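Just below is one structure, and these are the notes that go with it.
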Amino acid sequence: MKITIAKTAGFCMGVRRAVELALDASNRTDDPIYTYGPLIHNPQVLNILEEKGISVIKEIPEKGSGTVLVRAHGVPPEDLEKLRTAGFNVIDATCPKVIKVQSIIAKHSRQGYAVIIVGDRVHPEVIGLLGYAGENGYVAENMDALNALPKFDKAIIVAQTTQNKTFFEEVTAWAETLHLNYQVFNTICDSTESRQEDVKNLAEKVDAVVVVGGYESGNTKRLFDIARDAGKHAVHIETEAELDINQLGTPRHIAITAGASTPNWIIKRVYRELENRMMYNRRGFLRWRFFIHRNLLLSNIYLAIGAGCLTYAAAMLQGIEPALSSILVAVLYLLCMHTFNNLIDITSDRYNDPDRATFYQQNRNLLSALTGLFGLGGLLIAYKMGPLFLLLLLCMSFMGIVYIISLVPQSITGGFKPKIRDIPGSKTVLVAMAWGIVTTIVPALDGFGQIRLVTVLIFSWTVSLVLVRTAFFDILDMQGSRIVGKETIPILLGEKKTMGLLKNLAGLMMIVLCIASAVGAVSTLGYLLSICPLSMLMFLSAYERGGIPSGFRQGFLMESHFILAGLLAGLWALI
Ligand code: SF4
């Protein structure tokens, strides 16, 4: 059975912006934060906002303090004014596309046009839009309501941004036939259109469609209607707990789509749930392969194998005979560091990678003990290699502790506890540096007894590869990071810019390695190993185009780049 996640599933631009504004505000201030009405139509997101201390006000008090967010659907202009007059600091999270409809209405209403809004009269967006039409506003939910309206000398027709495209085409044809003096503005949001188009196309190819999103969300309900009208088994669920696979018949191919207010982590959970059930029903090799892959990835064993391979490749590239002790130090240190990080990151993993969070929650004691053993094992080998290596590893471990614990006395900082982890993007950079030290510097010190120019070159290569890997995972984890207030590189720069940066870095490393080989700074292995950044570049481009399978396979493919480096170096040594 195959599972495809619709390209358009999940937060639209307006909802993402509203949720980000709310989370950023709560991470920045201790003052009370409110949303005027529910920020979006998704109970799970609203629960998280509540956990973050962001509560909902339904009525505007005469006097108030703190910050109020105006939701993505917008509000009537009088409400905006009342909030400000009451003394609130107002953050207007109205979606820019809704603002555009508000402006069209306000302009034409001022010019004496009647305003017909095709939409759901009780929907907050329509209530907000009506506020801009003043006395001249009318709402029509269906053709009967349109026909029942008085005839106007001049009128405009606009659509609720999440309106059904087919219905609005009918309305446009009605105006063009019967009311040539009416101007029609197709204000359906392109995100809604493409989402509906996407589910229509997917429904033709699959046997069943799972629609994920709030039961109150109009656009989610429409996606469900489209899937069902295509004659396919379709279910509408809010979370993975409601998934009843029996309702989907006996599908060979299932599509998952989600409304504009459904967060990524719920889509991921539904995907994982389907994937797990599908695999439990399988027998033989495929089932075993899935569980082995999954557990290798969750336990960081696959990552540790990659670390060993990268150390081997980096040593060969420097012209050093790879020593088992250097490889073991890298494997054990990185296994310890990543498992420890996963143990302290369970809260954000609840949103980013629910499977990983459950795995670490269920095996917390065993994994904690193993983390200690891996760390001790690494230190013991470093001790055998010499005092310099032990000192290096101890310093790195100390840095790891300083990263999460503030060592500055609170009396100096006035209660504030500064930590390195609070520096935006610090985790990604420090993880890459730690990888670079154990995979490149340690073998160089062991082999040459010093750091040569070639070591610096190879260090920049390994650090760059790990930076691309780690920042890519940060992109996948953006929503969860925002919830827990982690400032990763993608949160700082945005997904597009980060992706551009990573692709440029991978491309640059490919070129640098080829040039280094051409001028004889490194052996011809450099040509072969330039395949790794090239493969990363291709992976990132394929990911942007939606060409990388979802779920744990994304992580598996990305981690495989280090194993590829080891295999290429081994192949080169053989030849
Ligand atoms: S569906 Fe479109 S109009 Fe509505 S919030 Fe999202 S981006 Fe904005």
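Throughout, read-outs are computed from the coordinates displayed, never taken from laboratory work. The structure presented is a predicted model; accordingly, all values stated were derived computationally and were not measured. As a convention, Cβ positions derive from the backbone with ideal geometry for all residues, glycine included, and neighbour counts pool all protein chains shown.
Remark on residue 139: its backbone amide H falls under 5 Å from those of 117, a criterion applied only to residues 5 or more positions apart or on other chains, H modelled at 1.01 Å from N.
Over the chain, what relative contact order in percent results from Cα pairs under 8 Å that are six or more residues apart? Numbers along the way, then the final one.
Details: 900 pairs, mean separation 71.6, N = 575.
Reported relative contact order: 12 percent.
Over region 235-369, calculate the relative contact order: mean separation of alpha carbon pairs under 8 Å at least 6 apart, over the residue count, as a percent.
Working: 78 pairs, mean separation 28.8, N = 135.
In percent, rounded to a whole number, it is 21.
Along the Cα-to-C-beta direction of residue 120, a point sits 7 Å from the Cα; which residues of region 126-152 have their amide N less than 14 Å from that point? Residues 126-128, 141-142 qualify, since their backbone N sits under 14 Å from the label point. Here's the picture: charge each Lys and Arg Cβ at +1 and each Asp and Glu Cβ at -1 in the chain, and of 343, 565, 191 the one pushed furthest to the positive end of that dipole is 565.
Cα centroid separation, region 425-469 to region 520-575: 17 Å. Centre-to-centre, using Cα atoms only, region 254-277 and region 145-175 are separated by 34 Å. When only alpha carbons are used to place a centre, region 74-131 and region 1-64 end up 19 Å from one another. In order along region 420-435, the phi-based Karplus estimate (6.51 cos²θ - 1.76 cosθ + 1.60, θ = phi - 60°) of 3J(HN,Hα) comes to 5, 4, 6, 6, x, x, 4, 4, 4, 5, 5, 4, 5, 5, 4, 4 Hz; Gly and Pro are listed as x. Here the calculated FRET efficiency for residue 421 and residue 170, from their Cβ-Cβ distance with R0 = 56 Å, stands at 0.50, rounded to the nearest 0.05.
Here is the list for region 138-218: trypsin sites (Lys or Arg not before Pro) lying in DSSP coil, each with at most 11 other C-beta atoms within 10 angstrom of its C-beta, are 151. Stretched out straight at 0.36 nm per residue, the stretch from residue 527 to residue 398 would grow longer than its current Cα-Cα span by 42.7 nm.
If you count, for each residue, the other Cβ atoms within 10 Å and average over each peptide, how do 306-317, 493-504 line up from highest to lowest?
The packing order, highest mean first, is 306-317, 493-504.
Annotation: lysines with alpha-carbon distance below 23 angstrom to residue 2 (same-chain offsets under eight excluded): 200, 205, 232, 268.
Is region 73-232 best put as rounded, prolate or oblate by its Cα gyration tensor, with a ≥ b ≥ c the root eigenvalues, rounded for a/c under 1.5, and otherwise prolate when a/b is larger than b/c, oblate when not? Since a/c reaches 1.5 but b/c is at least a/b, the shape of region 73-232 is classed as oblate. Rounded to 0.05, the FRET efficiency of the residue 190 and residue 142 pair, given R0 = 25 Å and the Cβ-Cβ distance, is 0.60. Derived scalar couplings between HN and Hα for region 252-257 equal 9, 9, 10, 9, 10, 10 Hz in order, rounded to whole Hz, by the Karplus curve 6.51 cos²θ - 1.76 cosθ + 1.60 (θ = phi - 60°), x for Gly and Pro.
Our summary gives region 136-270 a relative contact order of 22 percent, counting only alpha carbon pairs under 8 angstrom and 6 or more residues apart. The residue 460 and residue 89 beta-carbon pair, evaluated with R₀ = 45 Å, returns a calculated FRET efficiency of approximately 0.50. Between residue 13 and residue 497, the modelled labels are 1.7 nm apart [label points 7 Å from Cα along Cα→Cβ].
Distances between placed amide hydrogens fall under 5 Å for residue 68 paired with 34, 89, 90, 91, all partners being 5 or more residues away or on another chain.
Full extension of the chain between residue 59 and residue 253 yields a length gain of 65.2 nm, computed as 0.36 nm times the residue separation minus the alpha carbon distance. Amide H contacts for residue 256 (H built 1.01 Å from N in the peptide plane; partners 5 or more residues away or on another chain; cut-off under 5 Å): 4, 5, 6, 210. Computed from backbone phi, the HN-Hα couplings of region 540-556 come to 5, 5, 5, 4, 4, 7, x, x, 9, x, 6, x, 5, 5, 4, x, 4 Hz, rounded to whole numbers (Karplus: 6.51 cos²θ - 1.76 cosθ + 1.60, θ = phi - 60°; Gly and Pro given as x). Extension gain, residue 229 to residue 519, is 98.0 nm, computed as 0.36 nm per intervening residue step minus the present C-alpha separation.
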